[in-house]
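So the structure is just underneath, and the comments pick up after that.
The values are calculated or read from the model by the stated rules, or taken from the named source; none is laboratory data. Just so you know, these numbers come straight off a predicted model, no measurement behind them. Positions of Cβ are backbone-derived with ideal geometry, glycine not excepted, and every protein chain shown enters the neighbour counts. Please note that ligands, DNA and RNA were not included when accessible areas were found on the heavy atoms of the full protein model with its side chains. Shrake-Rupley method; radii C 1.70, N 1.55, O 1.52, S 1.80 Å.
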Amino acid sequence: MDIIGNDPIHNVNRTLIETFVRQKMKEMQEDPDRCTRTLVDMALHFSTGRFQKDFFQAAQIMLENEDSGYYGLIQDAVTHMDQEHLLTFGMNIGYNSCTAGARIIREIEARQGFNVPWTVTLLTDSDRYPAMEQAYQTLIEQGKDLGIYTWVLCPNEKPEALLPLVESQTDCAFVLFCDGGQMGSSFLNRAAELKNLMLMVEYNDRAEECCRQMRQRQMLYGVYLPYRQAEAAQVLCGSTLQDASALHPGVTIFLPLEPGERMKEYQFVLTARNEQKYCTLPFAMWEDIRRVDSIISDDAVVAVFDGAGRLFRSGTNQPYEGLSIREKPLAEILATAFPRRGSQEQTG
């Protein structure tokens, strides 16, 4: 009775969970704090996977703090975000990606001997995009076969070109990074209709007006702060998170622009997240992607493709030669770049 046909995503379990969450979201309108605690407690009780248990245990501990800034975040989300948007995006990440998708990932890794990332980042190039669009559609279909249902999109410009891709893949969750100057009213109106999309706006002089317009449309959004190593101390600080919180972003992502070891910077993000002083969830882009991947499976890998469709070498800005989505299927690319430990030396 668990699976309808052979589809691991669209099954009875997902339908029951979605129905339950939808009902709880209605109750949140009256008492969001109590309802959130109840929802987390029940989710932890019925959790079976490693990621689920880890996530809900952390959430349960955080919500024991009655002064937590995350209660303000929850209240704001319930009041100012479209509930269908929250539900769809949340189910696509929480169930499709980190539950059913994670199960597929672990099975493939064990059976085929290579690592599968839980999310893939695409650095798209507007000049190349028309010629690459079908390759991206194929890539996402291949990714879903491997259990990948979360996709990060980073266009150099013209983010509106990516909206048809998001619209066509309704069972995936997409996070689209943009500069506020690229987010006009027409773009935002189209993006607001896509319930599987979360927009991330760059935190600069244009962010305030852009966030105001997204909030007006009840959209799910966050802000991101790109920085170079020399700027790390200035950017990663409590005042930055405090200022960002004023824009009401669900998450605030710190995005380093240079490769390198960043554990000291990540410690700031972890501390800020655990202190719960801000009404936004702080994340470190690559370290938190690795963290989730290490919970889903033993080996943590990060997959980033450039505008030509080439996979980057881990921790560098250099692509692999011959590992392009225009030349090889995704499974073959991952098998070459990310072999499992013990199967052969890891190259990614």
Worksheet item: For the range 165-286, which whole-number percentage of the solvent-accessible area (1.4 Å probe, protein heavy atoms only) is attributable to carbon and sulfur atoms?
Response: 49 percent
Response to the item:
By the C-alpha gyration tensor axes a ≥ b ≥ c (rounded if a/c is under 1.5, else prolate when a/b exceeds b/c, else oblate), the shape of the range 132-262 is oblate
Practice prompt. Work out, step by step, the length gained on full extension between ALA110 and ARG128: first 0.36 nm times the residue separation, then minus their alpha carbon distance; give nm to one decimal.
Written response: 2.9 nm
Worksheet item: How large is ³J(HN,Hα) for each residue in the range 231-241, as worked out from phi by the Karplus curve 6.51 cos²θ - 1.76 cosθ + 1.60 (θ = phi - 60°), to whole Hz, x for Gly and Pro?
Response: 9, 4, 4, 6, 7, 8, 7, x, 5, 5, 5
Practice prompt. Over the range 173-251, give the accessible area per residue in Å² for a 1.4 Å probe, as an integer.
Written response: 42 Å²
Worksheet item: Any idea how far the Cα center of the range 181-209 sits from the one of the range 269-310, in Å?
Response: 22 Å
Fill in: Net length gained if the chain between LEU16 and ALA161 were fully extended (0.36 nm per residue, minus Cα distance)
48.7 nm
Worksheet item: Based on the Cβ-Cβ distance of GLN137 and GLU275, what FRET efficiency does E = 1/(1 + (r/R0)^6) give at R0 = 51 Å, to the nearest 0.05?
Response: 0.75
Worksheet item: Across every pair of different alpha-carbon atoms, what Kirkwood hydrodynamic radius in Å does the range 203-259 reach?
Response: 12.0 Å
Worksheet item: Stretched out fully, how many nm does the piece from TYR320 to ARG190 gain, at 0.36 nm a residue minus the Cα gap?
Response: 43.3 nm
